[in-house]
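Peer 1: I am attaching a structure below and will ask some questions about it afterwards.
The values are calculated or read from the model by the stated rules, or taken from the named source; none is laboratory data. Here the structure is a predicted model, which means the values were calculated and not measured. Virtual Cβ from ideal backbone geometry, glycine too; neighbours counted across all protein chains shown.
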Amino acid sequence: MTTISLRKGNTRLPPVNRVLYVRNLPFNISSEEMYDIFGKYGAIRQIRIGTNKDTRGTAYVVYEDIYDAKTAVDHLSGFNVANRYLIVLYYQQAKMSKKST
């Protein structure tokens, strides 16, 4: 009789957290529109929309609950806003700090 392990030792799950990094946003999106889109999936603590030349079209969305953030990623990746398809990722501190140096 063999036992099957459901969890492989070297399988890495994507880091799930409450902070989402959103790319490919329309440059003229408002805070209200962001709250309308992302607020459907749970309580939001904060939304920060990029305003500088190099951060336009991006935003950070911080949910109160990790499960709400996961639901938003599952539903909003590829969501069409003003003919732009959103890229919704979990924020990863290590990767972001490497890009800025």
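Peer 1: Which condition number in (1) surrounded by fewer than 16 Cβ atoms within 10 Å (Cβ to Cβ); (2) not in a loop (DSSP other than H, G, I, E, B) is the one that Val22 fails?
Peer 2: All conditions are met except number (1).
Peer 1: Right, something else. Under 6 Å by Cβ, and 6 or more places apart or on different chains, what pairs join a residue from the stretch 44-63 that is under 14 Å from Pro26 (Cα atoms) with one that is assigned to a loop (DSSP other than H, G, I, E, B) and aromatic (Phe, Trp, Tyr)?
Peer 2: Sorted first by the residue in the stretch 44-63, then by its partner, the pairs are Arg56/Phe27; Gly57/Phe27.
Peer 1: In the stretch 42-65, which residue that is among the polar types (S, T, N, Q) and in a loop (DSSP other than H, G, I, E, B) is surrounded by the most Cβ atoms within 10 Å (Cβ to Cβ)?
Peer 2: Per the criteria, the residue is Thr58.
Peer 1: Hey, another quick one. Within the stretch 66-81, is there a residue that is part of a loop (DSSP other than H, G, I, E, B), among the hydroxyl-bearing types (Ser, Thr, Tyr) and under 15 Å from the mean Cα position of the chain (by Cα)?
Peer 2: There is at least one residue in the stretch 66-81 that is part of a loop (DSSP other than H, G, I, E, B), among the hydroxyl-bearing types (Ser, Thr, Tyr) and under 15 Å from the mean Cα position of the chain (by Cα).
Peer 1: What are the residues in the stretch 67-101 that are among the β-branched types (Val, Ile, Thr), modelled with pLDDT of 95 or more and over 13 Å from Arg23 (Cα atoms), if any?
Peer 2: Thr71 - this is the single residue of the stretch 67-101 that is among the β-branched types (Val, Ile, Thr), modelled with pLDDT of 95 or more and over 13 Å from Arg23 (Cα atoms).
Peer 1: Right, another one. Condition check: touching a residue at least 12 places away in the same chain (Cβ under 8 Å) and surrounded by 14 or more Cβ atoms within 10 Å (Cβ to Cβ). Does Gly39 satisfy that? Write out each step before concluding.
Peer 2: Working: touching a residue at least 12 places away in the same chain (Cβ under 8 Å): no; surrounded by 14 or more Cβ atoms within 10 Å (Cβ to Cβ): yes.
No: the conditions fail for Gly39.
Peer 1: Could I ask something else about it? Taking Arg12, is it of a type in the set (D, E, K, R), at pLDDT below 95 and under 16 Å from Gln92 (Cα atoms)?
Peer 2: Considered against the rule, which asks whether it is of a type in the set (D, E, K, R), at pLDDT below 95 and under 16 Å from Gln92 (Cα atoms), Arg12 comes out as yes.
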